[in-house]
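Working notes, structure below.
We did not get these values from a lab; they are worked out from the coordinates using the rules stated. Note that the structure is a prediction, hence the values are computed from the model and not measured. Cβ: placed from backbone, ideal geometry, glycine included. Neighbour counts: every protein chain shown.
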Amino acid sequence: MLFSSITFLFMFLPVVLAVYYIVPYKAKNIVLLAASLFFYAWGEPVYVVLMILSILFNYFCGRDIHSYADDPARAKRSVAFAVVVNLLILGFFKYYGFLLDTVNAVLPTDIPYRELPLPVGISFYTFQAMSYILDVYRKNAKPQKNILNFALYISMFPQLIAGPIVRYADIEEQLRRRKISAVKFGQGAMLFITGLAKKTVIANTAGAVFEEIADIPTGSLSALTAWLGVFSYAFQIYYDFSGYSDMALGLGKMFGFEFRKNFDYPYISRSATEFWRRWHISLGTWFREYVYIPLGGSRCAVSRNIFNIMVVWMLTGMWHGAAWNFIAWGVYYGIIIVMEKYVWGASLENMPGIVQHIYAGVIVLAGWVFFFSPSLGYSLRYLLAMVGGGAGLADAQGAFILYTHWLLYLLAVVGASAFGISLVRRFIRLFRSTAARMAVSSVIYMGIFLISVAFLVTDTFNPFLYFRF
Amino acid sequence: MKSGKISAARVMKYIVLGLIVIFIVLMMLFMSGSSRPFEEVKDAVEGSLDPEELTAQDSARLKRDLGLNAADYSGVVYYSAESNISASEVLLVKVRRDDQIQPVLDAVEQRRESRMNDFEDYLPEQAGLIAGARQSVRGTYIFYAVSPKADDYLAAFGSSL
């Protein structure tokens, strides 16, 4: 079930909210867990069994690791076992076909294999489960005694399908006790509506433009069209994923939870390093906490630090998908971040701000080319088209796309910085009394909601890009 | 008391792991698609069909009966009975993308309803075959069979993957 669907907005969510707020406090977690399992089973009626088994496995592993509190060697063996099993399950569903395809391509073999569809959200809930296991092992969190609370942590529907990846230590207390209030509900609703608009109004429209451009052979792409294509994709993936994250954070608030933000205006960054502090923050935090720092982080020799950075970025690429373009994308960022740290980072900081923004923009956009390309060859041909190696610098097609979609691009640029939301806030502050401000806010957000629903009803192009990860 | 609880958690984690392995094996046996080329699956399914019951149909007939364009998919095989008093038909489709699965299933469902309307009043045994039609989605392969031998055809499809 998509957040941006009529079924979710007008049936599932109102019913779950009504029941959640009616039942006594002690029953709220059970209501939310039941709703989450139903939500997942709606789209994955078979794989919900796998998720429940994963919950049980990690719950018992957590108890087992805790039982070895006085025996570090056994605790280490137990946590290694749990992590390996989680990675094997994830690896099996996500990388098994890719591995055999690669073997068949490299070796003179033709090994047939049975394909299984990727369970939606498996990368997200597996990383959450490993966060729990590792937090318990490091004694950053106590093992969860209540299996229903643990199941809720793994399966909570607002962030189950596409994050943010919530670290167990961050939410442990909230699973037991959290504040539920009308103010928080209102804030959550506004955040949810903002995310819905990002998704339905901008991401889906930009996605349709990108699809149109991606259908054109790279040899027939002018530089203008190629740049518009990559801009469209950059806006699509940002508004799609950050929109989903806003909706997840908003829903969390409506149910009394506080999740950390997942995006912080990444396109205003001045370097690739800064971009990754602002983009998919929960994934970056996960890799930093559970991979980079345990490997030695930056408190080690330069060569070792470079190794640590490259490992993290290769894994980040692989996490996104079982394909060479994702690995290339991860390695690309690994190299750029190493270079910024050890070669040109200091010089970059001394340059004018506009140069830094252009630098970061080019790096990120070139990165998206690797990300959206079906193959490495395609990405190189696309990059060539961006510098005029396709069908010249500009053509009528590119001009037409720009002319017919300039408002979309303007809206996307304004919304990609804090400027967009500050305009709305400034307008609301024009009204002096609190009551007037509340009334104006309500009208604005209701208007945004209605526009979003109108887009939703008329638009069939509606996938969330991060569902496939 | 404490050691009892500990051992219970340890035992349970292995039991659950065993259940996960069983789940995956069952998925592989009954739900998985296949990387096998369409031609191999097609040959295996066609080899199992009764030529006296079913005749291969072209893409125009596929379009007329199910509203599907054969060119939209990686591969299509469509057989149906020549006789007007038989509801037998077999369809095998390999889709290019996952999002093509649901439209094909919708087309099959529509065909099933329409054939049921055709037969239920005057040939109830054929309507019974339609009601007992065999359908299977395995990865990117979709199989549909209406026939007294539908189970055999489905088995041939399953083992071809």
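Projecting each Cα onto the charge dipole of chain B (Lys/Arg +1, Asp/Glu -1 at the beta carbon, about the Cα centre), which of B:85, B:24, B:148 comes out farthest on the positive side?
It is B:24.
Let me know the Kirkwood hydrodynamic radius for region A:6-177, please, with Cα pairs as the basis and the value in Å to one decimal.
For region A:6-177, the Kirkwood estimate is 17.6 Å.
I need the peptides A:439-447, B:132-140, A:162-170 ranked by packing, meaning the mean over residues of other C-beta atoms within 10 angstrom, with the highest value on top. Please report the intermediate quantities before stating the final value.
Numbers: A:439-447: 14.0, B:132-140: 18.1, A:162-170: 23.1.
Descending packing order for the listed peptides: A:162-170, B:132-140, A:439-447.
Would you tell me the mean number of C-beta atoms belonging to other protein chains that fall within 10 Å of each C-beta in A:77-85, as a whole number? Walk me through the intermediate numbers first.
Details: counts 0, 3, 0, 0, 3, 2, 0, 0, 4.
Partner-chain Cβ atoms within 10 Å, mean over residues of A:77-85: 1.
Would you tally the net charge around residue B:132, using a Cβ to Cβ cut-off of less than 12 Å, leaving residue B:132 out, and scoring K and R as +1, D and E as -1? It would help to have the intermediate numbers written out before the result.
Numbers: positive: B:112, B:134, B:149; negative: B:125, B:151.
My count for the surroundings of residue B:132 gives +1.
Which residue, chosen from A:379, A:186, B:122, occupies the Cα position most advanced towards the positive end of the dipole of the protein assembly as shown, where the dipole is computed from +1 (Lys, Arg) and -1 (Asp, Glu) charges on Cβ about the Cα centre?
Final value for the positive-end residue is A:186.
Hey, what's the Kirkwood Rh for chain B if you take every pair of different alpha carbons, in angstrom?
Value: 17.6 Å, from the Cα pair sum.
Which pairs break 25 Å Cα to Cα here: A:94/B:94; B:42/B:63; A:139/B:13; A:199/A:341? Kindly include the intermediate steps, with their values, before the conclusion.
Numbers: A:94/B:94 21 Å; B:42/B:63 19 Å; A:139/B:13 20 Å; A:199/A:341 34 Å.
Result: A:199/A:341 exceed 25 Å.
So what is log10(I(q)/I(0)) for region A:342-405 at q = 0.13, 0.15, 0.26, 0.27 1/Å, when the Debye sum runs over its Cα atoms only?
The Cα Debye sum returns log10 ratios of -0.54, -0.69, -1.06, -1.07.
Exactly which trypsin sites (Lys or Arg not before Pro) in region B:46-120 are in a DSSP loop and have at most 13 other Cβ atoms within 10 Å?
Values: sites: B:61, B:63, B:64, B:94, B:96, B:97, B:111, B:112, B:115; in loops: B:96, B:97.
Here the sparse-neighbourhood loop sites are B:96, B:97.
Which trypsin sites (Lys or Arg not before Pro) does region A:226-297 hold that lie in a coil by DSSP with at most 15 other beta carbons within 10 Å? Walk me through the intermediate numbers first.
Numbers: sites: A:253, A:260, A:261, A:270, A:277, A:278, A:288; in loops: A:260, A:261, A:270.
Those satisfying the criteria are A:260, A:261.
Just counting partner chain Cβ atoms within 10 Å, what average do the residues of peptide B:32-40 show around their Cβ? All intermediate terms of the calculation are to be shown ahead of the outcome.
Working: counts 5, 6, 4, 10, 5, 2, 0, 0, 1.
That works out to 4 on average.
Would you list A:386, A:51, A:351 from fewest to most Cβ contacts within 10 Å? Before the final figure, lay out the partial values.
Working: A:386 22, A:51 25, A:351 13.
Placing the least packed residue first, the sequence is A:351, A:386, A:51.
In whole angstrom, and with the biggest value first, how far do the Cα coordinates of region A:114-260 range along each principal axis?
Ordered largest first, region A:114-260 gives principal extents of 61, 46, 26 Å.
Please work out the Kirkwood hydrodynamic radius for region A:213-274, using every pair of different C-alpha atoms, and report it in angstroms with one decimal place. Mind dumping the intermediate values first?
Details: mean 1/r = 0.0708 Å⁻¹.
Averaging 1/r across every pair of different Cα atoms and inverting gives 14.1 Å.
Which order do B:19, B:29, A:53 fall in if you start with the one that has the fewest other Cβ atoms within 10 Å?
Working: B:19 16, B:29 10, A:53 20.
Least crowded to most crowded, the residues run B:29, B:19, A:53.
Hey, could you pull the Cα Rg and Dmax for the protein assembly as shown, both in Å?
Rg and Dmax of the protein assembly as shown, Cα atoms, are 27.1, 86 Å.
Hey, what D do you get for region A:184-458 in µm²/s if you plug the Kirkwood alpha-carbon radius into Stokes-Einstein at 10 °C and 1.306 mPa s? Display every interim value, and only then the final one.
On the way: Rh = 20.4 Å.
Answer from the Stokes-Einstein relation: 78 µm²/s.
Sort the following peptides by mean Cβ neighbour count (other Cβ atoms within 10 Å, averaged over residues), highest first: A:393-403, B:30-40, A:100-110. The partial results should precede the final answer.
On the way: A:393-403: 14.5, B:30-40: 16.2, A:100-110: 11.2.
For the peptides A:393-403, B:30-40, A:100-110, the packing ranking is B:30-40, A:393-403, A:100-110.
So how do A:61, A:300 line up by other beta-carbon neighbours within 10 Å, fewest first?
On the way: A:61 29, A:300 13.
Fewest to most other Cβ atoms nearby, the residues stand as A:300, A:61.
Within 10 Å of each candidate Cβ there may be at most 16 other Cβ atoms; applying that plus a DSSP loop requirement, which chymotrypsin sites (Phe, Trp or Tyr not before Pro) in region A:289-371 survive?
Numbers: sites: A:290, A:292, A:307, A:313, A:319, A:324, A:326, A:329, A:332, A:333, A:342, A:344, A:359, A:368, A:370, A:371; in loops: A:344.
Qualifying residues, ordered by number: A:344.
Tally Lys and Arg at +1 and Asp and Glu at -1 over the other residues with C-beta under 11 Å from the C-beta of residue A:170: what net charge comes out? Display every interim value, and only then the final one.
On the way: positive: A:167, A:260; negative: A:135, A:172, A:173, A:258, A:289.
The answer is -3.
Please compute, for peptide A:58-65, the average count of beta-carbon atoms on other protein chains lying within 10 Å of each residue's beta-carbon. Don't skip to the answer; put the middle values down first.
Details: counts 2, 4, 10, 6, 2, 7, 9, 2.
Shielding by partners across A:58-65 averages 5.
Net charge around residue A:113, counting only other residues with Cβ within less than 12 Å of its Cβ (Lys, Arg = +1; Asp, Glu = -1)?
On the way: positive: A:114, B:36; negative: A:101, A:110, A:115.
Spelling it out: positives minus negatives among the neighbours equals -1.
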